[in-house]
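Before we start, here is the structure in question, set down as structure tokens.
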Amino acid sequence: MAYLVVFAPLIASIIAGLFQKQIGDRAAQIITTGATISAALASVYLLIDVAYGGNARTIDIVSWMAVGQFEVNWAIRLDTLSAVMLVVITSVSSLVHVYSWGYMADDPHRARFFSYLSLFTFAMLALVTADNFIQMFFGWEGVGLASYLLIGFYYKKESANAAAIKAFVTNRVGDFGFALGIMATFAVFGTVKFDEVFAQIPEMSGEILTVFGMNFQALELIAFLLFIGAMGKSAQFFLHVWLPDAMEGPTPVSALIHAATMVTAGVFLVCRCFPIYEVAPDTSAFITFIGAVTALFAATVGLAQNDIKRVIAYSTCSQLGYMFFAAGLGLYSAAMFHLFTHAFFKALLFLGAGSVIHGLHHEQDMRNMGGIYKLLPATWILMIIGTLALTGVGLPIVLGGLGFAGFYSKDMIIEEAFAMGTEGVTFGMFAFWIGITAAALTSFYSWRLIFMTFHGKFRGKEETLKHAHESPPVMLVPLVLLAIGALFAGGVFKSDFVAKGAQSFWGESLPAGAYSDYKYGDYGSGDYTSGDSYGEEDHADESHSEEAGYGDEAHGDDHSERHPTWVLVLPVVVSAGGFILAWYFYMANPHLPGRIAATNGPLLRFLQNKWYFDEIYDFIFVRGTRALGDLFWKVGDERIIDGGGPNGIAATVMAGARRLARMQSGFVYHYAFVMLIGVVVLALVLIAGAGV
Amino acid sequence: MLQAAAFYIFSAIAVFSALMVVFAKNPVRAVLFLILAFFSAAGLFILLGAEFLAMILVIVYVGAVAVLFLFVVMMLDIDFAELKAGFAENAIVGGAVASVLALVLVLSGFIWVDANSAQANLAAPTPEGVSNVAALGALIYDRYVLFFQLAGLVLLVAMIGAIVLTLRHRDGVKRQDMHKQVNRKREDSVEIVDVEPGEGIG
Amino acid sequence: MTASMLLADLTLMTPELMLAVGALALLLVGVYWKSELGGARIVMRLTIGLLVLAAGAAIWLAQGDGGDTFNGAFNVDAFSLYAKTAVFFAAAVALLLAFKFLEAEKLAKFEYPVLIALASLGMAIMVSADDLITLYMGLELQSLSLYILAAFNRDSLRSSEAGLKYFVLGALSSGLLLYGASLIYGFSGTTDFDGIAIAAAEAGNNVGLLFGLVFLVSGLAFKISAAPFHMWTPDVYEGAPTPVAAFFATAPKLAAMALLARVLTEPFGAMVDQWQQVIIVLAILSMAVGSFGALMQTNIKRLMGYSSIGNVGYALVGLSSGTAIGVWAVLLYFTLYIIGVAGAFAVILSMRKAEGMVERIDDLAGLSKTRPALAWAMTALMFSIGGMPFLVGFFGKFFVFYAAASAGLVWLVVVAVLFSTVSIAYYLRVVKVIWFDEPTGEFLPAPAGVAFVSRATGLATVLLLPFMIALITLVVNAGGGLGG
């Protein structure tokens, strides 16, 4: 079963990729889609088996390499963490496959596209099922490659090529950190297998690693380096620049790779390595900080974007920020929960946007849309569901909370951040307030997107409007399925992911989190048994007692001992505020944004230009690199290396040749003279050698 | 004792005159010093009991080669002062090389040791009752016949070279050729022409 | 010396006697032939025949046991017979190349082939030398012939200058050699190689003997044009008539190298440690001069001159090992080198335009378009001489390096490979000019002999590959007697 999940997409990809000429587009579509769907069904079975049946296991497939101490197996590690990822990946992937039947119907290179999609799916599966860092790195690079191929799918488009390269290069920075992290891991632990590494953590926690004469806390260093990798892949602040540009790829790709799966690999990495992060508080704080900043930053930029896909892209970036600061605060299961729900509603939003784009003949600029809800009613409704899920609409307090998927996961992260902040975890409060602000901004730009796209007057060309049409069923069916996920994924799975079922659900793959005892939980049971074997016991106990203390203090709160009511309500309130503001700007006074845009204020420009990140990077890295490259090239390479090396040797050779030519004067007595000198030299050499 | 004195005198003169060949300003004097050097060497040969070689040296080198040199130098009118202008610029390096070379050679002379087998290998001195010339002849035409023949070939090559490189058959130069004159036939030079009256020889 | 002994001695000298008597006879034929040109032609043909016959005689002798003759002054063994055969064939090829060239340049004289025959005789004696006097006689016989040949175009200033320079410097080198010989004689009391070997074995670090060796090697180094005794080479190659340069580059090099190998391994075999350093110095200097000197050349004959200096350097690398492997590797190296150089000179001799012979490298421009066959031949030859892998020249280089490496001189091999890399540059330049430059004019059709040699040698660089094993077996047998 596990083999089917991992390798079916690979085989399908190979068949579709290498034999597309023979089998044709149609067959390629059928094969890849069929393979992915069967993988999806199988992974649902696996999730049930692993998470509820408790059959966590690792299947060793083959020994990959064994060099001395260094042993790497190709394996499928099945625990709840990877099983959840399997479900997310295969289900979104199969829906995207299906959706692409419609979206890519006119594309002449469909077979190639489907082959890439399946290849990506395989790489992602290899990543999440890895039982060691090396296989994970393989998958990591594999998804990077697939992402590169898919972003640059329209290879004739220059911007697509540039975006693909940008994504690849930016990821390279992160991957470099990841690779260094793996090396450091091996250096410290002498193994790259997760189990063996984690088992050694308690004894290694004080380990010092000396690099270039500097002493590092070994585990902090490893954690930090691994996080660098995660930052690149998950487009966190500083390394986020590739993600918006990656929207050059076909929209289904954006939904699959740049919303639901690949970008969450960083979150997955941090969760997978949580035993390391638990004992690396400084790095965890750093993660929290970066995650929070990303959440805010991406949300602000999202406010001012006009490309429908870019808005969603920044939204993704922002939501990834939420996941990271959750992970940084130690709320691993919450981060995974948000990852899970986010996959559904973000894929829904992307595919919805794709539906709009498809309907409007590849128009992506929201300024050229408007009022098309009548033309694309299904898309409209589905997009609204997605937006509601994203903004986390729901009713707190009532029945222990009731709402869309995002309500459970995102609001929970925000609330838990508050809890952590009150406990004094570094950047906890910071993350909470940023979470609140970002939530407001998220609501604003999400509704702005809906209003600008579907409401008001159509602002594009008449021609476009005339041909605007609803998408075919083959595209709408996946949307509907995703919408169901966006509606119910949060409510249905909350207890397993983060509440009372969490302990048994995650097993040993993730700490269930302290909140699983308290929130939405059975207060009295208190059956929190610290079954984690990776040394997070102390930490858990510690937080346990602190929480208890806080709980006493905050006693009287009718809903939760951990959170004051205002904390529970605030996210929903600010989201509503965002909605109202958006309505005011884009529905009630549709001319207002235009006027604001006309004033061209510095803040707007700042946001529109994405905080000038691209410009800064262009200045520092691109031009800086070029200058550095020039320096290395012209000074280092040409003058020093070439000057001393090849060119220098060549010059010396030529100079020697000229000197020789001068010596070849043509005068017999010069020649005779040289001969005599030769005799003397030889005589001296002989005497010296003989030691007479 | 007398032999030793003679050896040193001849040697000193040989070395001195060899140096003067190089350093003499006048080329004619240089050649004359060369002749003196040859004579001294001949004297050394006589001291060694090689009268024949001594005579050969005097006759061939002094009588032929050196005198030829003398003629050439006198006829060519070489401006040695001009040739020696370049002498100074290479003097230092040249002097250094020469002195090092001289040093190692002199050094080797001072610490000279014969091989143990050398004495046994040395050819016997001229046997009693046989003249130097006869002894040499016996060797050259018997034991060393190969070398003698080869030397002949070398000289042959030298002759061929001299002819090839210098002999010119100039056109337009009238030479007497006895053979041709004697072998001349009447038919070669006389033509009987029947001249028709009034037409002349066309 | 009894008559039967003399007869036995003379039998072993069959090739030399044939050449000596033949040369004299041919001289008479040339002198008494009616027309000068006709005489030159017939003597030329007869000399080629004579050389081939002499080579045949050498091969015939190689079937026998060989032996010492003339009281140990002349040694007929597998080594000398192999060298002789190669020398005679090389000389024959050189004559073949000269055939039409001399007529076209109005140099067709019957003395030319006779001198080549006498020079070959000198070389034959050199390689068989088992006595310092034999050595010197052979050397002088060869050298004197070569001096004359270099100046053969006596109306050309360059040719006369080349001959004169060669002569003067050659005289100096002969002087050095004689000085060395006399020191050696003074030390050992004999000129016989066997006697010297006995004396040298007990000598250790005797200064007199060491200096004798240095001077002797210096004199021989001049003949093989090893740096720093190489200065005459480029000037003479450029100045001498091209077929003469072709001859210079082939047979005399092999003969002198063979002589050097014999001198170093037989009389001085016990002094490997001492002369090894001298040979290494010579090798490095030669490789350096050969590699760097050639880079600046525009005249292809000068280029070949420097190339020969460099190649002597590589051969010396092999010889410096002082082992039997070194000796046969040198033989192999020069055999293959001669093939390459003969071909290269054949190509140079094909460089005749309507206005006369041309010698600049640039004149080869676009040869690939105008004369593809010639271009292929030259490319293969250049690569082979340069020692590019999988042409025969590579094996020559490989085995001399192998010899040095097996004697523990790995650093020297590294140096040699570096120089070899530099030297590839100028071979490549010739190839580049041939293939990538625009043609500047077309060459006239080459004479049949020249065309045959250029094609045959060009093909040989590839076609000999399957026969490498046989060739190596041959040189191993030939060189086996020498060296430690």
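On the basis of being assigned to a helix (DSSP H, G or I), open to solvent by 90 Å² or more (accessible area, probe 1.4 Å) and either within 14 Å of chain C (Cβ to nearest Cβ) or among the aliphatic types (A, V, I, L, M) (or both), does B:Q181 make the cut?
On the way: assigned to a helix (DSSP H, G or I): yes; open to solvent by 90 Å² or more (accessible area, probe 1.4 Å): yes; either within 14 Å of chain C (Cβ to nearest Cβ) or among the aliphatic types (A, V, I, L, M) (or both): no.
In short, no.
Mind listing whichever residues of region C:285-320 are at pLDDT 90 or above and among the hydroxyl-bearing types (S, T, Y)?
Answer for region C:285-320, where residues must be at pLDDT 90 or above and among the hydroxyl-bearing types (S, T, Y): C:S286, C:Y306, C:S307, C:S308, C:Y314, C:S320.
So B:A151 passes all but one of these: (1) modelled with pLDDT under 80; (2) facing chain C (nearest Cβ under 9 Å). Which condition number does it fail?
For B:A151, the exception is condition (1).
Another one. Checking A:G370 against (1) more than 17 Å from A:G249 (Cα to Cα); (2) assigned to a helix (DSSP H, G or I): exactly one of these is not met. Which one?
(2)
Next question, about the same structure. Given (1) more than 10 Å from chain C (Cβ to nearest Cβ); (2) open to solvent by 80 Å² or more (accessible area, probe 1.4 Å); (3) part of a loop (DSSP other than H, G, I, E, B), identify the lone condition not met by B:H169.
Against the list (1) more than 10 Å from chain C (Cβ to nearest Cβ); (2) open to solvent by 80 Å² or more (accessible area, probe 1.4 Å); (3) part of a loop (DSSP other than H, G, I, E, B), B:H169 comes up short only on (1).
Consider only pairs whose beta carbons are under 8 Å apart and that are at least six residues apart or on different chains; among these, list those whose first residue lies in region C:207-234 and is farther than 21 Å from C:F292 by Cα and facing another protein chain (nearest Cβ under 8 Å) and whose second residue is crowded, with 24+ Cβ neighbours inside 10 Å and aromatic (F, W, Y).
These pairs meet every condition: C:G208/C:F187; C:L209/C:F187; C:L213/C:F268; C:L213/C:W275; C:V217/C:W275; C:S218/C:F229.
Please indicate, with yes or no, whether at least one residue in region A:410-420 is of a type in the set (K, R) and more than 29 Å from the chain's Cα centre (by Cα). Explain how you work it out, then say what you get.
Going through region A:410-420, the residues of a type in the set (K, R) turn out to be A:410.
If we keep only those that are more than 29 Å from the chain's Cα centre (by Cα) as well, we get none.
Taking every residue of region A:410-420 in turn, none turns out to be of a type in the set (K, R) and more than 29 Å from the chain's Cα centre (by Cα).
Does region A:460-511 hold any residues that are assigned to a helix (DSSP H, G or I) and among the basic types (K, R), and which are they? Break it down into steps so the answer makes sense when it comes.
Our first condition is that a residue be assigned to a helix (DSSP H, G or I); within region A:460-511, this holds for A:462-467, A:473-498, A:502-506.
The answer is A:K466, A:K494.
Residues of region C:167-181 being more than 12 Å from chain B (Cβ to nearest Cβ) and open to solvent by 10 Å² or more (accessible area, probe 1.4 Å), which ones?
In the first step, residues of region C:167-181 are kept if they are more than 12 Å from chain B (Cβ to nearest Cβ); the result is C:168-173, C:175, C:177-178, C:181.
Within region C:167-181, C:V168, C:A171, C:L172, C:G175, C:L178, C:A181 qualify.
Quickly run through region A:434-479 and pick out the residues that are among the basic types (K, R) and within 28 Å of the chain's Cα centre (by Cα). Give the derivation first.
Within region A:434-479, the subset among the basic types (K, R) is A:448, A:457, A:459, A:461, A:466.
If the condition is that a residue be among the basic types (K, R) and within 28 Å of the chain's Cα centre (by Cα), then A:R448 is the only one that fits.
So, in region C:182-201, exactly how many residues are more than 7 Å from every other protein chain (Cβ to nearest Cβ) and in a helix (DSSP H, G or I)? First the steps, then the outcome.
At the first step, the residues of region C:182-201 found to be more than 7 Å from every other protein chain (Cβ to nearest Cβ) are C:182-186, C:191-194, C:196-197, C:200-201.
Adding the requirement that they be in a helix (DSSP H, G or I) leaves C:182-186, C:193-194, C:196-197, C:200-201.
Of the residues in that region, 11 qualify.
One residue is enough: does region A:147-159 have a residue meeting the conditions open to solvent by less than 10 Å² (accessible area, probe 1.4 Å) and either hydroxyl-bearing (S, T, Y) or touching a strand residue (DSSP E or B) at 6+ places or on another chain (Cβ under 8 Å) (or both)?
Scanning region A:147-159 turns up at least one residue that is open to solvent by less than 10 Å² (accessible area, probe 1.4 Å) and either hydroxyl-bearing (S, T, Y) or touching a strand residue (DSSP E or B) at 6+ places or on another chain (Cβ under 8 Å) (or both).
Determine which single condition C:P15 fails, assuming it passes every other condition in (1) open to solvent by 20 Å² or more (accessible area, probe 1.4 Å); (2) away from chain B (no Cβ under 14 Å); (3) more than 18 Å from the chain's Cα centre (by Cα); (4) within 30 Å of C:A329 (Cα to Cα).
(1)
From (1) farther than 30 Å from B:A138 by Cα; (2) at pLDDT below 90; (3) open to solvent by 60 Å² or more (accessible area, probe 1.4 Å); (4) assigned to a helix (DSSP H, G or I), pick out the condition that doesn't hold for B:V67.
The failed condition is (3).
In region C:195-239, which residue that is aromatic (F, W, Y) and closer than 26 Å to C:R360 by Cα is surrounded by the fewest Cβ atoms within 10 Å (Cβ to Cβ)?
In the first step, residues of region C:195-239 are kept if they are aromatic (F, W, Y); the result is C:211, C:215, C:222, C:229, C:232, C:237.
Add one more test, that the residue is closer than 26 Å to C:R360 by Cα, and what stays is C:229, C:232, C:237.
Details: C:F229: 31, C:W232: 25, C:Y237: 29.
Per the stated criteria, the residue is C:W232.
Can I ask one more? May I ask you to list the residues in region C:102-146 that are at the interface with chain B (Cβ under 8 Å from one of its Cβ atoms), open to solvent by 10 Å² or more (accessible area, probe 1.4 Å) and over 23 Å from C:S182 (Cβ atoms)?
Residues satisfying the conditions are C:K109, C:E111.
What number of residues within region C:288-309 are more than 12 Å from chain A (Cβ to nearest Cβ) and closer than 17 Å to C:P228 by Cβ?
Counting residues in region C:288-309 that are more than 12 Å from chain A (Cβ to nearest Cβ) and closer than 17 Å to C:P228 by Cβ gives 1.
Follow-up question, since we're still on this one. Could you check, for region B:109-131, whether at least one of its residues is touching a helix residue (DSSP H, G or I) at 6+ places or on another chain (Cβ under 9 Å), within 14 Å of chain C (Cβ to nearest Cβ), assigned to a helix (DSSP H, G or I) and modelled with pLDDT of 80 or more?
no
From (1) over 27 Å from C:A258 (Cβ atoms); (2) open to solvent by less than 20 Å² (accessible area, probe 1.4 Å); (3) not in a helix (DSSP H, G or I), pick out the condition that doesn't hold for C:I434.
Failing condition for C:I434: (3).
The values are calculated or read from the model by the stated rules, or taken from the named source; none is laboratory data. Only a predicted model underlies this, so the values are computations on that prediction, with no experimental measurement involved. A quick note on method: Cβ atoms are made from the backbone with ideal geometry, for glycine too, and the neighbour counts reach across all protein chains shown. The area values use the complete protein model at the heavy-atom level, side chains included, leaving out ligands, DNA and RNA. Shrake-Rupley method; radii C 1.70, N 1.55, O 1.52, S 1.80 Å.
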